[in-house]
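Colleague: I am attaching a structure below and will ask some questions about it afterwards.
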Amino acid sequence: MHFQRRWLLSFTAVLATVCSIAMLANRAYAASAEDLNQNALQALQTLYRTNPVAADISKIAKAELVFPNIVRAGFIFGGGYGEGVLLEGSKAIDYYNSVSASWGLQAGAESYGYVVFLMNDSALSYLQKSMGWEIGVGPTVVLVNAGVAKNLSSTTLQDDAYAFIFNQQGLMASLSLEGTKISHIKR
C-alpha cells in the first residue's frame, strides 16, 4: 500500500509537470513567421540594452540564432520549448525550435530568451546542414555569463558560438543550455 501511494504521488507529479509544460509551451509558440521575426528583433534589442558585450559580438558574428521566449517547467522531470529565428543582420534566414528535457532535483517554471551568436561559416553551415544540433555536440558553444563577459573582446573571441541567456522570469533552480536540441522548423 505504501508503495502504491508513493507511485501514485510520483505519477501525479510527472503528469502535472507534463501538463504545465504543454500549457506553457502554447505561450512560447509564435503564431506566424512575422510574429517570430518581430519578437526576435525585439529580444535582440533587449539583450543589447542590458549587455553591451552581446552588442559588440553581434557586430562580428556571421549570424544570430534568436529564441525570444523559451518556457521551461519541471518537477523531478522537466522540459522546455520555444521557437526561434536565424538572422543574418536583421534578415530572417530560417526558423528553428529549441527543446530540452531533464531529470533530477528540480522544481518550478520559468521563461527566458537566449541568443547564440554564430561566429564563423563552419558553425553556420553546421546548423543549416544538420538535422538537429544538440548544444554540447558539434560547434563549440560558450555560455556567456558575467564572469566570462569580462574577459571577452574582439581579439579573444576564438570559439564557434557564444550564447547569452536573458530576460529570465519565474522560479527554477538552475539554467543551462546543455542537452538542448535545436531543430529546423517550417514557417
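Colleague: Here is a list of conditions, (1) assigned to a strand (DSSP E or B); (2) open to solvent by 20 Å² or more (accessible area, probe 1.4 Å), and Asp56 meets all of them except one; can you say which number that is?
Modeller: So the condition that Asp56 fails would be (1).
Colleague: Considering (1) outside any loop (DSSP other than H, G, I, E, B); (2) modelled with pLDDT of 70 or more, say which one Asp159 fails and leave the rest.
Modeller: Every listed condition holds for Asp159 apart from (1).
Colleague: Checking Phe75 against (1) open to solvent by 50 Å² or more (accessible area, probe 1.4 Å); (2) modelled with pLDDT under 90; (3) within 18 Å of the chain's Cα centre (by Cα), which single condition isn't satisfied?
Modeller: (3)
Colleague: Within the set of pairs 6 or more residues apart or between chains, which connect a residue that is under 16 Å from Asn167 (Cβ atoms) inside segment 82-111 to a residue that is buried (at least 21 other Cβ atoms within 10 Å of the Cβ) and among the charged types (D, E, K, R) with Cβ atoms less than 8 Å apart?
Modeller: Ser98/Glu83; Ala109/Arg72; Glu110/Arg72; Ser111/Arg72
Colleague: Please count how many residues of segment 126-148 are modelled with pLDDT of 75 or more and open to solvent by 70 Å² or more (accessible area, probe 1.4 Å).
Modeller: Of the residues in that region, 3 qualify.
Colleague: Find the residue count for segment 84-110, including only residues that are in a strand (DSSP E or B), within 18 Å of Asp35 (Cα to Cα) and open to solvent by 10 Å² or more (accessible area, probe 1.4 Å).
Modeller: Our first condition is that a residue be in a strand (DSSP E or B); within segment 84-110, this holds for 84-88, 91-110.
Now narrow it down to the ones that are within 18 Å of Asp35 (Cα to Cα): 84-88, 91-98.
Next, only the ones that are open to solvent by 10 Å² or more (accessible area, probe 1.4 Å) stay: 88, 91-95, 97.
Number of matching residues: 7.
The values are calculated or read from the model by the stated rules, or taken from the named source; none is laboratory data. This structure is a prediction, so every number in the text was calculated from the model and none was measured. Virtual Cβ from ideal backbone geometry, glycine too; neighbours counted across all protein chains shown. To get the accessible areas, we keep the full protein, side chains included, count just its heavy atoms, and leave off ligands, DNA and RNA. Shrake-Rupley method; radii C 1.70, N 1.55, O 1.52, S 1.80 Å.
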